[in-house]
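*Asks:* Pasting a structure here, questions to come.
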Amino acid sequence: MDLYVLKNVSFKYNDNMVLSDINLNISRGEYLVIVGPNGAGKSTLLKLLDFLIPPSRGEIYFDGKKVEDISNLKKISPYRRRVGLVFQDPDVELFSPTVYEDLAFGPLHMGIDDDEIEKRIKSVSRMLRIDHLINKPPFYLSDGEKKKAAIASVLTMDPEVLMVDEPTANLDPRSRREIMSILENMWKNGKTIIITTHELSIINSMVERMVVINSGRIIREGDPKKILEDRDFLQSNDLE
Amino acid sequence: MIDYIEKTLMDLSKYFRAVYFSEDFSSRNGFIQKVNPPIAFLVLISFIFLSILVHDIFILIILYTISISLIVLSRIPLSYYIKSIAFIPLFTAIIALPYIFYPFSQPPFIYKFSFIGITYQGLRYSSILILRVTIAVSFMIIIYYGIGFQRLIGSLKFLKIPDIFLNMISFTYRYIFLIVSQVYDIFLSRKSKMCKSNKKIGRKWQSYLLGHIFVRSSVLGENMYNSMVSRGYTGEIVPMKKNKSMQYNDIFFLAFFILIIIIAFVHG
């Protein structure tokens, strides 16, 4: 059964149609990349998938259940705890005095006990190699470190679905490789990975399916290899 | 004028960066850090109230000594302490300056100018004001650095302070983090583009900046709220549950300092 089912989903911001008639199914354990030029609606789509904003039209199903009334934070909480979204700008993700407190924020709000939180923070920070940054204020971290800390702050929630908005934006090649390898490992460990990007170079062999959106519409989806070979298509959509 | 505003904003953002984005001292193995946070908070806040109520300079000096001792024992570097409070006693001293002439022309004088003079009473008033402010800020520094922000929120929650109030504190604190870094970056970027100063352009730029900061803070605030909601925030404050149950040393700490507070209050 599909984990996500989006039926004719549209999203309007003021009078601007940001997303139109999105029909998308996402399977459990899938590695999906959503590609599109700047302003295509990728981040909005992720916010819809994280139940942060309601669709203006259409329906979203998660694990077979229709997701409704997302403004009721307590009611939506059981869905949201299964999904983790890493925002494009890590600064909005790191708002606590120390990285430790940022990593603890999610699990604390899930009602997880202190010992388990401590264990998760240790294991995630070791895995992402940010254990030496744990007591530092996020403000002093480099962009790459901030991105890793932002991912770590979501991973401590141990979500079933990990969504990362522009995972490699503003990162140097080494940090890019590290972030992509972290995502690969997460996927190999059974998590559903959804990333958005406009950088085609980061799409590797692990990615199972690619969805291309432009001007708020899905214009193509399928095997990444085939799409990446279609130069004319990519060029016509400002992707090359 | 423009340079002055710019310099003030730049210095403010530098100050926030230096003071609020410091290392986390609350995780150090110091004196205050070992005490149950709500107990530590109650005692420290009582000292602040005491400093407002006491009139005896000698008692105020003792209170100041206690605050400095607690800072040292809590392994908060004195350099941070000085950096954090330096301008506050100085600012208070400027405000208290006219007080040294009080009462205006009545003896006993310490030093007399033509028709006015520095009086004992005036000097006492201004010293009390400066000491009070310095003591209150010193204890605030211990609360902030020694207890730490998250445990402080936890303590306030424990003391049944309403969530709405705690939410306001938490949000303000978080926004300061983001806005200060934004303002700092905007200034640096502007500086890199400026070859020579032009007052007209400068004025225009100031108004753009204020508008930009307003819009940026609103967007950042919304995104930050979304990121909190995305990680399970439901409007309820969930503190770090590191408040251990009360130990013997907490009871001793509470009893000892309450005793000091009572003695100081009675004598001061």
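*Asks:* Output the number of the condition that A:Pro173 fails; it satisfies all remaining conditions of (1) touching a residue at least 12 places away in the same chain (Cβ under 8 Å); (2) more than 22 Å from A:Thr44 (Cα to Cα).
*Replies:* Just one mismatch for A:Pro173, condition (1).
*Asks:* Moving on. Which of the residues belonging to the stretch B:26-52 are exposed (fewer than 14 other Cβ atoms within 10 Å of the Cβ) and within 16 Å of B:Phe257 (Cβ to Cβ)?
*Replies:* Just the residues of the stretch B:26-52 that are exposed (fewer than 14 other Cβ atoms within 10 Å of the Cβ), to begin with: B:29, B:49, B:52.
Within the stretch B:26-52, B:Phe49 is the sole residue that qualifies.
*Asks:* Sort out which residues of the stretch B:131-174 are at positive phi and either in contact with a strand residue (DSSP E or B) (Cβ under 7 Å, 6 or more places away or on another chain) or within 13 Å of chain A (Cβ to nearest Cβ) (or both), and write them in order of number.
*Replies:* Scanning the stretch B:131-174 gives a single hit, B:Gly148.
*Asks:* Follow-up. Which one is nearest to A:Asp2 (Cα to Cα) among residues in the stretch A:47-98 that are more than 10 Å from chain B (Cβ to nearest Cβ) and of a type in the set (A, V, I, L, M, F, W, C)?
*Replies:* Step by step, filter the stretch A:47-98, then rank; the result is A:Phe62.
*Asks:* Does A:Leu133 qualify as being modelled with pLDDT under 90 and in contact with a helix residue (DSSP H, G or I) (Cβ under 7 Å, 6 or more places away or on another chain)?
*Replies:* Working: modelled with pLDDT under 90: no; in contact with a helix residue (DSSP H, G or I) (Cβ under 7 Å, 6 or more places away or on another chain): yes.
It is false that A:Leu133 is modelled with pLDDT under 90 and in contact with a helix residue (DSSP H, G or I) (Cβ under 7 Å, 6 or more places away or on another chain).
*Asks:* Taking the options A:Ile182, A:Ile202, A:Ile227, name whichever one is under 15 Å from A:Leu128 (Cα atoms) and modelled with pLDDT under 95. Break it down stepwise before answering.
*Replies:* Details: A:Ile202 fails: under 15 Å from A:Leu128 (Cα atoms); A:Ile227 fails: under 15 Å from A:Leu128 (Cα atoms).
Sole residue among the options that is under 15 Å from A:Leu128 (Cα atoms) and modelled with pLDDT under 95: A:Ile182.
*Asks:* Counting just the residues of the stretch B:140-175 that are of a type in the set (D, E, K, R), touching a residue at least 60 places away in the same chain (Cβ under 8 Å) and under 19 Å from B:Ser245 (Cβ atoms), which one comes out surrounded by the fewest Cβ atoms within 10 Å (Cβ to Cβ)? Let's see the steps before the verdict.
*Replies:* To start, the set of residues in the stretch B:140-175 that are of a type in the set (D, E, K, R) comprises B:151, B:157, B:160, B:163, B:174.
This time we only want the ones that are touching a residue at least 60 places away in the same chain (Cβ under 8 Å), so: B:151, B:157, B:163.
Next, from what is left, pick out any that are under 19 Å from B:Ser245 (Cβ atoms): B:151, B:157.
Details: B:Arg151: 25, B:Lys157: 18.
If we take residues in the stretch B:140-175 being of a type in the set (D, E, K, R), touching a residue at least 60 places away in the same chain (Cβ under 8 Å) and under 19 Å from B:Ser245 (Cβ atoms), then B:Lys157 is surrounded by the fewest Cβ atoms within 10 Å (Cβ to Cβ).
*Asks:* So is B:Ile128 out of contact with any strand residue (DSSP E or B) (no Cβ under 7 Å at 6 or more places or on another chain) and under 30 Å from B:Pro37 (Cα atoms) or not? Please lay out each step first, then the result.
*Replies:* On the way: out of contact with any strand residue (DSSP E or B) (no Cβ under 7 Å at 6 or more places or on another chain): yes; under 30 Å from B:Pro37 (Cα atoms): yes.
So B:Ile128 fits the description; yes.
*Asks:* Still on this structure: Just to verify a result, which residue in the stretch A:113-153, among those that are aliphatic (A, V, I, L, M) and within 11 Å of chain B (Cβ to nearest Cβ), is farthest from B:Leu178 (Cα to Cα)? Spell out how you get there, then give the answer.
*Replies:* Initially, the stretch A:113-153 is screened for residues aliphatic (A, V, I, L, M), giving A:117, A:121, A:124, A:127-128, A:130, A:133-134, A:141, A:149-152.
Filter once more, keeping what is within 11 Å of chain B (Cβ to nearest Cβ): A:117, A:134, A:141, A:150.
Details: A:Ile117: 26, A:Ile134: 19, A:Leu141: 14, A:Ala150: 15 Å.
If we take residues in the stretch A:113-153 being aliphatic (A, V, I, L, M) and within 11 Å of chain B (Cβ to nearest Cβ), then A:Ile117 is farthest from B:Leu178 (Cα to Cα).
*Asks:* Also: Within the stretch A:157-177, can one find any residue that is modelled with pLDDT of 90 or more, more than 13 Å from every other protein chain (Cβ to nearest Cβ), out of contact with any strand residue (DSSP E or B) (no Cβ under 6 Å at 6 or more places or on another chain) and surrounded by fewer than 19 Cβ atoms within 10 Å (Cβ to Cβ)?
*Replies:* Yes, the stretch A:157-177 has at least one match.
*Asks:* Considering (1) assigned to a helix (DSSP H, G or I); (2) more than 23 Å from A:Tyr4 (Cα to Cα), say which one A:Leu183 fails and leave the rest.
*Replies:* Here A:Leu183 meets the rest and fails (2).
*Asks:* Looking only at the stretch B:219-250, count how many residues are within 16 Å of B:Ile32 (Cβ to Cβ) and either more than 14 Å from chain A (Cβ to nearest Cβ) or assigned to a helix (DSSP H, G or I) (or both).
*Replies:* 4
*Asks:* Out of all the residues in the stretch B:224-240, is one or more modelled with pLDDT under 80 and among the basic types (Lys, Arg)?
*Replies:* No, every residue in the stretch B:224-240 fails to be modelled with pLDDT under 80 and among the basic types (Lys, Arg).
The values are calculated or read from the model by the stated rules, or taken from the named source; none is laboratory data. These numbers were taken from a predicted model, which means no experiment stands behind them. Positions of Cβ are backbone-derived with ideal geometry, glycine not excepted, and every protein chain shown enters the neighbour counts.
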